[in-house]
Amino acid sequence: MATEPDADRDDARSGHVPVFLERTIELFRPVVDAATTEDRRPVIVDGTLGLGGHSSHLLAEFETLRVLGVDRDPAALEMATRRLTAFRDRFTPVHARFDDFDAVVAALPADSRDDAGPAIDGILLDFGVSSMQLDVADRGFAYSVDAPLDMRMDPSTGPTAADILADYPRDDLARIFRVYGEERFARQIAAAIVRRRDTDPLRTSSELVELLYDTIPQGARRTGGHPGKRVFQALRIEVNAELEAVENAVPGYLDLLRGGGRAVFMAYHSLEDKIVKRELSTRTASRTPAGLPVELPGHGPEFAAITRGAEKASPTEIDHNPRSASVRVRCVRRIDGRIP
């Protein structure tokens with residue numbers, strides 16, 4: 001095992017503590033061991049690199065491991081790449097959304113193939129906004145500090161949160177707040193935004209928070225946390241098309257896994273977890289028609305579940321890292337061959 005004595009100190013300095021770190025290492029250890037037995041160098045794709053917390057520890061733990069780190073945020077990618085300088089011969093940064101498979105496949109090492117084509121040993125997808133994006137005030141993700149309402153993970157492309165608030169019809173705004181934020185007062189908030197934008201469009205986080213305080217009844221604000229939490233979450237998901245990316249990424253990365261490869265998914269929102277759960281339920285089920293006494297050749301499950309349902313953070317981890325409180329972790333292993 002290689003050692004990287006600065007990894008924990010880097011986490012402390014950055015304020016970023018990787019969620020489910022020890023369990024993640026444990027889940028990927030068998031694929032690294034299998035590659036070693038086969039005299040191969042394993043490749044894991046960290047599809048949501050962020051500040052590189054998981055990748056730094058995986059690279060430090062497994063001295064033969066190669067990691068592709070994918071992130072759409074150029075600032076996060078640059079910071080993570082600097083952090084992982086000690087592993088530059090085994091780490092490849094990829095500037096892309098995590099469901100951009102053309103970019104991922106193009107960056108794979110030439111020897112990362114099986115009989116069916118490009119293949120990986122593992123995929124880690126830690127969905128949601130990164131610690132850096134939450135903590136950097138001028139990105140507009142946080143409701144607790146005043147900043148322009150941007151919220152783009154890649155600030156070079158796409159509409160901002162302010163654009164959405166200025167342009168979307170009232171019913172679309174209400175749907176976003178209700179579905180993505182589970183906000184009880186979605187229609188009232190949407191109506192208030194539409195009334196205001198005719199004369200004074202919302203441009204900053206403090207303006208939006210003030211409108212929420214004025215719109216949500218005082219009694220309802222006594223429970224459920226800050227009134228901005230749900231609306232800011234909903235806007236972030238819409239701005240970055242997060243659920244669309246998850247819908248594409250889960251089946252796409254499962255298809256890239258070689259036999260014995262593992263996928264680890266970390267979801268923080270019920271809608272993300274439902275997408276993961278639905279796809280994994282299909283992939284781990286037999287495809288033999290019901291009622292037949294034996295499994296038809298080629299119709300068995302493609303994957304086997306490693307976790308029993310969704311694993312959750314322990315009270316100890318939540319105390320150490322409050323951002324792990326809502327995480328749901330699922331892992332599967334590929335048990336059949338891929339079709340060329």
What are the semi-axes of the equivalent ellipsoid for the range 75-188, taken as the square roots of 5 times the Cα gyration tensor eigenvalues, largest first, in whole Å?
35, 19, 12
Extent along principal axes [Cα atoms of the chain; Å; largest to smallest]:
66, 56, 38
If you average the alpha carbon positions of the range 38-76 and of the range 281-340, how far apart do those two centres end up, in angstrom?
22
When the helix-only estimate is applied to the chain (DSSP H runs of n ≥ 4, each -39,500 (n - 2.57), divided by the residue count), what is the mean residue ellipticity at 222 nm, nearest 500 deg cm²/dmol?
-12500 deg cm²/dmol
Over the chain, average the accessible area per residue using a 1.4 Å probe and give it in Å², no decimals.
46
Suppose the chain between Val105 and Thr204 were pulled fully straight at 0.36 nm per residue; how much longer would it get relative to their current alpha carbon spacing?
31.8 nm
Over the range 51-168, with every protein chain in place, what whole percent of the accessible area is carbon and sulfur at 1.4 Å, could you tell me?
50
In nm, the gap between the two label points placed 7 Å beyond Cα toward Cβ at Glu295 and Ser144 is 4.9
Once you have the Cα-Cα distance between Thr284 and Glu247, take 0.36 nm times their residue separation minus that, and quote the gain in nm to one decimal.
11.6 nm
Rg/Rh for the range 253-318: what does it come to with C-alpha atoms and Rh from Kirkwood?
1.06
Label-point gap, in nm, between Tyr213 and Thr64 - each point 7 angstrom along Cα→Cβ:
5.9
All other residues with a Cβ under 14 Å from the Cβ of Asp33 taken together, and with Lys, Arg as +1 and Asp, Glu as -1, what is their net charge?
-1
How far is helix 74-83 tilted, in degrees, relative to the longest principal axis of the Cα atoms in the chain, given as a value from 0 to 90 rounded to the nearest 10?
50
Test of the criteria: in the range 276-329, which trypsin sites (Lys or Arg not before Pro) are in a DSSP loop and have at most 16 other Cβ atoms within 10 angstrom of their Cβ?
Arg287, Arg308, Lys312
Taking θ = phi - 60°, what integer Hz values does the Karplus form 6.51 cos²θ - 1.76 cosθ + 1.60 yield along the range 296-303, in sequence order, with x for Gly and Pro?
6, x, x, 10, x, x, 7, 9
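The values are calculated or read from the model by the stated rules, or taken from the named source; none is laboratory data. Every value quoted in this text rests on a predicted model; they were computed, and no experiment measured them. Cβ atoms come from the backbone with ideal geometry, glycine included; neighbour counts cover every protein chain shown. These accessible areas exclude ligands, DNA and RNA; they are computed on the full protein's heavy atoms, side chains included. Shrake-Rupley method; radii C 1.70, N 1.55, O 1.52, S 1.80 Å.
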